[in-house]
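The next block holds one structure in the form of structure tokens; read it before the comments.
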Amino acid sequence: MDDQIYVGHPFYFPTQVVMVDDDPDFLDGVSLMLDSSLSYCLYQSASEALDYVNSAHQQVNLLQRCYSNYKTGHQDSDSLSHVDIGKLHEEIFNPARFKTSSTVVVDYSMPEMNGLEFLMSLKNPFIRKVLLTGKADMELAIKAFNKQLIHQFIDKHDPKLKQILNSTITSFQDQYFRSSFKLITDPIIANNHDSFLTDIKFRDVFAEILLKTNCVEYYMIDAPHSGFLLADSAGKRRCLLIFREALILEHADNLSAIGAPDKLAQEVGKGELIPAYDIQSENLDLDHPCIKNWEKYYHPGIKIESRENYFVTILTGDNLPQNFQGKIIPYSDFKESNSLNREILH
């Protein structure tokens, strides 16, 4: 699986793939084909797999915590959606987040129930459904796909099974986020203040930052400014702050107006230094800590030239805001301690 994560999402964390087949030898073999960065569960028992998948997604409570809808009139269309961006990052403290099943891959021919019956019994409507078939089941799989009962079918004897399976899972994990968290994503993207989410050049730079820092999960934040909380597989956290160029230039002018050190005002004006605090809520003067000890509150900046230029800076370690520093279960620990990864459950 490609480690690159695309920033079309306001938040992202690794999800799990569940594979179900009554043949333990096939399960063991196909697990070796999956990308090493992938979290997966192997089940021989369809009923046990069904219980696991139907219970796992209920443990991620982003919608309940972050999304609300208010009636503004008598018509069904008279409503206002609100997303509390300040609470999105709290999902990083949810130890069950990685158990979210985004994709289920199931064999058609099984004794307890066939694969199609299994997929029709999933309670989470957003899970991507993949049916593994033999030649005898291919016609049935095509009909199920055409009726949109499944999202993909794969011949389990295809010589390119490894490539097909991994590319399908990568695509479906992305699709899961786009569909399952649409109520959160759409209102955020509709807010022009956060237009960097739909900016192609910003997305490219953001993807590069994720790759260079080995980050596997991220969450949009709005304090101390717009940006993202990032975490790598070992749990090391970084905070990416994003400023529009116009706001940075305005801030540089304000620094000059209050008599701040010339070096500070000049380097902020060039985007070489970026503030690590909410510049719009602070009443700055020469006695303000952010000016007296400015080396602590300003950090190297990166310019992103696009339809609307941005400046970003990355905070780490002691520079992280306190509410981002709590104890978490990192992805590497989850994968290591998750006995379901290589164990075939009967």
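Taking (1) without any contact (Cβ under 8 Å) to a residue 40 or more places away in the chain; (2) buried (at least 20 other Cβ atoms within 10 Å of the Cβ) in turn, Tyr40 satisfies each apart from (1). Under 31 Å from the mean Cα position of the chain (by Cα), exposed (fewer than 12 other Cβ atoms within 10 Å of the Cβ) and farther than 30 Å from Phe98 by Cα, is that true of Glu305? Answer is yes for this residue.
Can you spot a residue in the stretch 306-325 that is among the aliphatic types (A, V, I, L, M), at pLDDT 90 or above and in a loop (DSSP other than H, G, I, E, B)?
Of the stretch 306-325, the ones among the aliphatic types (A, V, I, L, M) are 312, 314-315, 320.
Cutting the leftovers down to at pLDDT 90 or above gives us 312, 314-315, 320.
Filter once more, so that each one left must be in a loop (DSSP other than H, G, I, E, B): 320.
Checked against the condition, which is being among the aliphatic types (A, V, I, L, M), at pLDDT 90 or above and in a loop (DSSP other than H, G, I, E, B), the stretch 306-325 yields at least one hit.
Residues that are surrounded by fewer than 18 Cβ atoms within 10 Å (Cβ to Cβ) and in a strand (DSSP E or B) within the stretch 228-258 comprise Asp232, Arg244, listed in sequence order.
For the stretch 201-219, the set of residues classified as closer than 17 Å to Asp174 by Cα and either part of a helix (DSSP H, G or I) or free of Cβ contacts under 8 Å to residues at least 60 places away in the same chain (or both) consists of Arg203, Asp204, Phe206, Ala207, Leu210, Leu211, listed by residue number. When each of Ile142, Ile184 is tested for being touching a residue at least 40 places away in the same chain (Cβ under 8 Å), part of a helix (DSSP H, G or I) and at negative phi, the lone residue that passes is Ile184. Scoring Leu286 on the criteria (1) in contact (Cβ under 8 Å) with a residue 12 or more places away in the chain; (2) surrounded by 14 or more Cβ atoms within 10 Å (Cβ to Cβ); (3) in contact with a helix residue (DSSP H, G or I) (Cβ under 8 Å, 6 or more places away or on another chain) leaves a single failure, condition (2).
Restricting Asp137, Asp155 to residues that are acidic (Asp, Glu), under 31 Å from the mean Cα position of the chain (by Cα) and at pLDDT below 95 narrows the list to Asp155.
Whenever a residue of the stretch 266-281 is assigned to a loop (DSSP other than H, G, I, E, B), its partners that are of a type in the set (A, V, I, L, M, F, W, C), lying with C-beta atoms within less than 7 angstrom and at least six residues away or across chains, give the pairs Gly271/Ile248; Gly271/Phe311; Ala276/Leu241; Ala276/Leu315; Tyr277/Cys290; Asp278/Ala223. Suppose we keep only residues that are among the polar types (S, T, N, Q) and over 17 Å from Leu62 (Cα atoms) within the stretch 179-200. Which one would you say is nearest to the chain's Cα centre (by Cα)? Applying the filter and picking the extreme gives Thr198. In this structure, Ile258 does satisfy being farther than 26 Å from Cys66 by Cβ and at pLDDT 95 or above.
The values are calculated or read from the model by the stated rules, or taken from the named source; none is laboratory data. These numbers come from a predicted model, not from an experiment. Here the Cβ is made from the backbone with ideal geometry for all residues, glycine too, and neighbour counts use every protein chain on show.
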